[in-house]
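> Pasting a structure here, questions to come.
Each value in this text was obtained by applying a stated rule to the coordinates, not by laboratory testing. Only a predicted model underlies this, so the values are computations on that prediction, with no experimental measurement involved. Note: ideal-geometry Cβ built from the backbone for every residue, glycine included; neighbour counts use all protein chains shown.
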Amino acid sequence: MNEYQYRENDAEEAALPMDRRRFLQTTGTGIFLFFKIRDVSFFTQEGPGRALQQNVPSDFNAYLRIGEDGRVACYTGKIEMGQGIVTSLAQMLADELDVHIDDVDMVMGDTDLCPWDRGTFGSLSTRAFGPSLRTAGAEARRVLIEMASEQLKVPVKDLVTEGGAVFDRTNAKTHIAYAALAKGKKIERHLTDPVVVKKPSEFKIMSKPLTRRDAREKVTGKAKYAGDIDLPGMLYAKILRPPAHGAKLVDVDTSEAGRVEGARVIRDGDLVAVLHKYPDVAQSALSKIKAKFDNPPATPLSTVDDRSIYEHLLKVAPAGKVVASGGDLTAGEKESASVLEQTYFNAYVAHAPMEPHTAVVKIEGKRATVWASTQAPFGAREEVAKALGFRTEDVRVITPFVGGGFGGKTAHGQVVEAARLARLSGSPVQVAWTRNEEFFYDTFRPAAVIKIRSGITGKGRISFWDYNVYFAGERGAPHFYEIPNHRTTAYNSSWVGGEGTHPFATGAWRAPGNNSNSFARESHIDIMAAKAGIDPVEFRLQHLSDAKMKRVLQTAAEKFGWKPAKSPSGRGLGVALGIDAGTYVASIAEVEVNKGTGDVSVKRVLAVQDMGLVVNPAGATIQMEGCITMGLGYALREGLRFKGEEITDVNFGTYEIPRFSWLPKIETHILDDENAPPQGGGEPAIVTMGAVIANAIYDAVGARLFELPMIPGRVKEAMNKG
Amino acid sequence: MEETVRFTLNGKPATVKVDSDRLLLWVLRTDLGLTGTKYGCGESFCGACTVIVNGEAVRSCQTSVKDVRNKEVVTIEGLEGKGGLHPVQKAFVEHDALQCGYCTPGMIMNAYAFLRKHPKPSAAEIVEGMDDNLCRCGAHNRIIQAIQAAAKEMHGGH
């Protein structure tokens, strides 16, 4: 059941299976620089690990090319899904190489052109890939200077680079463009030795805001997503789906569907589909299929629903694993003046990217070409190869723009469906899930339970902390406060549960685990602050020794204009802290609670983040805003409803995601730490959203919410409990 | 029933011979190859498929081809004029009012129709006018700013 979990030895596999000679043959002349991701340890800590590859040489996993036209191309298996790396990675490269950013091409997510890459997730592109890319850029620049030195007969020490050319600093008339250096050459270099990259003071492009490079294509409708791929003879497939996970097809009558003009019905075991040159006609033909499904076999999961799921989860939880500890809990409890024990819950949450999972597959002989909306093109390639019985290298996956992922597109069942149907039909096939299918086959953020038992002394010090997380996963579980006696135990360490745990698939959802863990931890810290009668910002500061976290919190309080008060103050202000993907975040929110309905309106959210070196401040800010906005959803409304293996929320009519009228005033601040390595930016600011709103609700009306989402009924119920 | 339907598409005459009950979204995307208009939910909840019909923003996933007979249809592909990007498109670029870009064509088309009726909108009016268009990446506040900027460029004012 842990097939998606990461294995220890995966770092060894993070390399390339492709034949470099073939590669160079297809890419033509130029200067090539091959490099690998410097710190593969990042990849042993996190990642869905769906794209496992065995016995491939650990050689390189990205390269760049300087062409005869002077353009610089970076080939990487990373993909662009809105997070903006098509811009930030190009910035890094342009800066290190001293070329104009418009002369940089990012070739991304094409398994024939790009070396192997595990996938785009975990806020890793900038923090893990970025430093290697910069080093490669710097090395390429060094190579170019050496070549120029030979050609210009000028010593290396006198040469400088600017605007895609090498100049003699003593005589600016003597210069040669990168294009001229690359002309007619085929030079292959490998990055092995450490290379000195630019100092922040030397940056010309990095650390400066830059508008998205893909914006023009996206505002004109020219940007191509997988569903926009149209091939000659391509058929759109619509697939018969069961009413519930695990339901078995027992009888099917496709005769009426088959009579629809131009429709082809395909059946292969449980796979029943209608293919047509128009997707809407395929869909209406599919609705003419009469099918009978047997209920899934009765198991404890058949009777769970979104209310009883927590009890079920606690019942099936595996043994716990202590992931952090110190001191002595019993001794801590003895020192406690008050012991506080609470249980926190959060619901299943959908990824719900605006673009549903889509793929196009074309098969020619023993080769397949795939266009897929995926966060892991190399994983998709493996799956297609396996499904078709092809050699991995005979499958090419091309990743067009991806319309949002959030972790959900590290799974890509649609790709295998399209591959199977392309083979069965003999035509290129597009499978584009409907929104209903998207809600059915998503790998949801798991429902989770967190039990915390803690104590405070008469002086308002936290005396012990016993933290138990069920099914959210370990990420974000260990606390960062000064607590002498503490233990953090994870019952199931990842976002995938064992057999019989969840009624449907679960997976990594933006900052997996950390949203649930931060909600519980920061709510509970607030409860203790209130019990001690201390302002929640002050209480946190009293229990922090980490200078970085203190600075982040102090800055947030200062920028917000926080005035200390014991909660509930009636003002509706809340604070929460978190660490994710190496980045520290402090959030403060202001809410208004409608005492009649329990409806919560978020008026203002401020977040301060320390993420080390910031490559594209504009992009990083946008990611923070995106996190805050998306976080409103799981905090206030998003909780998947289901009965057994049947999912009853199947579209946005009942499953509400954030909309314009929900939006608070958002303020973001990034603490500049340009000498520290870059950290993750795509996820951290979302992790605090549950607790910061819960704490603000408590401050507003004195009602404590223990369950996400905080829908009006729950808020009202908590207020009635008073 | 298959029949010939004529309408104006992005300023030019268009003729399709289709079952006229088919939905405009799919006819645009497949028969006519205009893939800028996106499918997001199929039930008019999200607005990714928004196009303009006779000046009104409509959900092309709920509009049949026969409903646009002899009408003027504008899609995202038809917004860019001879002078380059439409002010709304330009403002989306300049304000970074997009991330994954999938909802963007629908957002822009809805904003375009909205601004025709509300040349000088307040922020609250923009929120109301855009509230039924969904974005998952969280570009909302920037979209509001972009629409304000576009209004200013098109009509002066605020």
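> Using only alpha-carbon positions, what ratio does the radius of gyration of the range A:657-702 give when scaled by 2.2 N^0.38 Å?
Numbers: Rg = 14.6 Å, N = 46, 2.2 N^0.38 = 9.4 Å.
Rounded to two decimals, the normalised Rg is 1.55.
> Shifting gears a bit: Quick check on the exposure proxy: order B:63, A:583 from fewest to most C-beta atoms within 10 angstrom.
Working: B:63 19, A:583 27.
With the sparsest Cβ surroundings first, the list reads B:63, A:583.
> Let me ask something else. Please compute P(r) over all alpha-carbon pairs of the range A:460-576, binned at 5 Å starting from zero, and give each bin as a whole-number percent.
Result returned by the calculation: 2, 10, 18, 20, 18, 13, 9, 6, 3, 1.
> I'd like the orientation of helix B:104-117 relative to chain B: the angle between its Cα long axis and the longest Cα principal axis, in ° from 0 to 90, rounded to 10.
80 degrees
> OK, next. What's the percent breakdown of Cα-Cα distances in the range A:115-263 across 10 Å bins, shortest bin first?
Cα pair-distance distribution for the range A:115-263, in percent: 7, 20, 23, 18, 12, 9, 8, 4, 0.
> At what distance in angstrom do the alpha carbon centres of the range A:353-378 and the range A:219-238 lie from each other?
So the separation of the two Cα centres works out to 11 Å.
> What are the semi-axes of the equivalent ellipsoid of the range B:79-158, taken as the square roots of 5 times the eigenvalues of the Cα gyration tensor, listed largest first and rounded to whole Å?
Working: eigenvalues 60, 47, 23 Å².
Listed largest to smallest, the semi-axes of the range B:79-158 are 17, 15, 11 Å.
> Debye calculation, C-alpha points only, no solvent: report log10 I(q)/I(0) for the range A:427-506 at q = 0.14, 0.22, 0.23 Å⁻¹, in the same order as the q values.
Result of the Debye calculation: -0.63, -0.99, -1.03.
> Could you work out the mean projected area of the convex hull around the alpha carbons of the range A:229-318, in square nanometres to one decimal? Spell out each step's value before the answer.
Numbers: hull surface 34.9 nm².
Mean orientational projected area (the range A:229-318, Cα hull): 8.7 nm².
> Set the bar at 26 Å for Cα to Cα. Now go through B:82/B:152; A:224/A:288; A:595/B:120; A:315/A:386; A:238/B:90 and name every pair that lies beyond it.
Numbers: B:82/B:152 20 Å; A:224/A:288 32 Å; A:595/B:120 35 Å; A:315/A:386 36 Å; A:238/B:90 37 Å.
Check vs 26 Å cut-off fails for A:224/A:288; A:595/B:120; A:315/A:386; A:238/B:90.
> As an exercise, use a Förster radius of 25 Å and the Cβ-Cβ distance of residue A:180 and residue A:101 to find the FRET efficiency, rounded to the nearest 0.05.
Numbers: r = 21 Å, r/R0 = 0.83.
About 0.75, to the nearest 0.05.
> Another question about this same structure. Based on the alpha carbons, how large is the Rg to Rh ratio for the range A:123-165 when Rh follows Kirkwood? Don't skip to the answer; put the middle values down first.
Numbers: Rg = 13.6 Å, Rh = 11.7 Å.
With Rh from the inverse mean 1/r over Cα pairs, Rg/Rh is 1.17.
> Taking only the C-alpha atoms, wrap a convex hull around the range A:548-694 and report its volume per residue in Å³ as a whole number.
138 Å³
> Just to verify a number: FRET efficiency for residue A:295 and residue A:343, C-beta to C-beta distance, R0 = 35 Å, to 0.05? Could the numbers behind the result be given before it?
Working: r = 32 Å, r/R0 = 0.92.
Efficiency at R0 = 35 Å is approximately 0.65.
> Sticking with this structure for a sec: From the P(r) of the range B:3-158, could you give the percentage of C-alpha pairs in the tail past 22 Å? Before the final figure, lay out the partial values.
Details: 4512 of 12090 pairs.
Everything past 22 Å amounts to 37 percent.
> To continue, here is another question. Taking just the alpha-carbon atoms of the range A:331-395, what radius of gyration and Dmax come out, in angstrom?
Calculated on Cα positions, Rg and Dmax stand at 24.3, 75 Å.
> Taking the beta-carbon count within 10 Å as an exposure proxy, list A:545, A:338 from fewest neighbours to most.
On the way: A:545 9, A:338 14.
By the 10 Å Cβ count, ascending, the order reads A:545, A:338.
> Starting from the Kirkwood radius over alpha-carbon pairs of the range A:637-722, derive D by Stokes-Einstein at 37 °C in a medium of 0.692 mPa s and give it in µm² s⁻¹.
Details: Rh = 16.1 Å.
The diffusion coefficient I find is 204 µm²/s.
> Once the cut-off is 44 Å, how many percent of the Cα-Cα pairs in the protein assembly as shown end up in the long-distance tail? Please report the intermediate quantities before stating the final value.
On the way: 118844 of 386760 pairs.
That tail contains 31 percent of the Cα-Cα pairs.
> Which semi-axes, in whole Å and largest first, does the equivalent ellipsoid of the range A:303-345 have when worked out from the alpha carbon gyration tensor as the square roots of 5 times its eigenvalues? Working shown, then result.
On the way: eigenvalues 180, 48, 10 Å².
They are 30, 15, 7 Å, listed from largest to smallest.
> Based on the Cβ-Cβ distance from residue A:571 to residue A:675, what FRET efficiency comes out when R0 is 35 Å, to the nearest 0.05? Numbers along the way, then the final one.
Numbers: r = 38 Å, r/R0 = 1.08.
Efficiency for this residue pair is about 0.40.
> Given N residues in the range A:309-462, what is Rg(Cα) / (2.2 N^0.38 Å)?
Working: Rg = 23.8 Å, N = 154, 2.2 N^0.38 = 14.9 Å.
The reported ratio for this selection is 1.60.
> Calculate how steeply helix B:140-155 sits against the longest principal axis of the alpha-carbon atoms of chain B, using the helix alpha-carbon long axis, and give the answer as 0 to 90 degrees to the nearest 10.
Compared with the principal axis, the helix lies near 90 degrees.
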